[in-house]
């Protein structure tokens, strides 16, 4: 899951990573956090506009993903940042 906002300030992009207990034990969560931070640093820091704040939330299945799979997923989500969200219509029942 990826959440982004643009502050409009002239600052370099900032990244935050969340990995809850459902991802795994502390060493596993820290490994996933380190991988995701590095992926963001290497792949997104130069692509995002100044003042962008990005939060990446690791879901439980991230624990079984290797570096390449995590990188592909972050890149896929980052491509969608500028696209409008499709809202699901729920019937009132």
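Read-outs: derived from the displayed coordinates by stated rules, not from any lab. Note that this is a predicted model, so its numbers are computed, not measured. Note that we place each Cβ from the backbone using ideal geometry, even for glycine, and neighbour counts take in every protein chain shown.
General observations
- Residues in the range 23-37 that are closer than 16 Å to residue 70 by Cβ and in a helix (DSSP H, G or I): 23, 28, 29, 30, 31, 32, 33, 34, 35, 36, 37.
- Look at the range 7-18: where a residue is touching a residue at least 24 places away in the same chain (Cβ under 8 Å) and on the phi < 0 side of the Ramachandran plot and a partner is loosely packed, with under 14 Cβ neighbours inside 10 Å and not in a strand (DSSP E or B), sitting 6+ places away or on another chain with Cβ atoms under 7 Å, you get 10/50; 11/50; 12/50.
- Residue match in the range 56-67 (condition: surrounded by fewer than 18 Cβ atoms within 10 Å (Cβ to Cβ) and part of a strand (DSSP E or B)): yes
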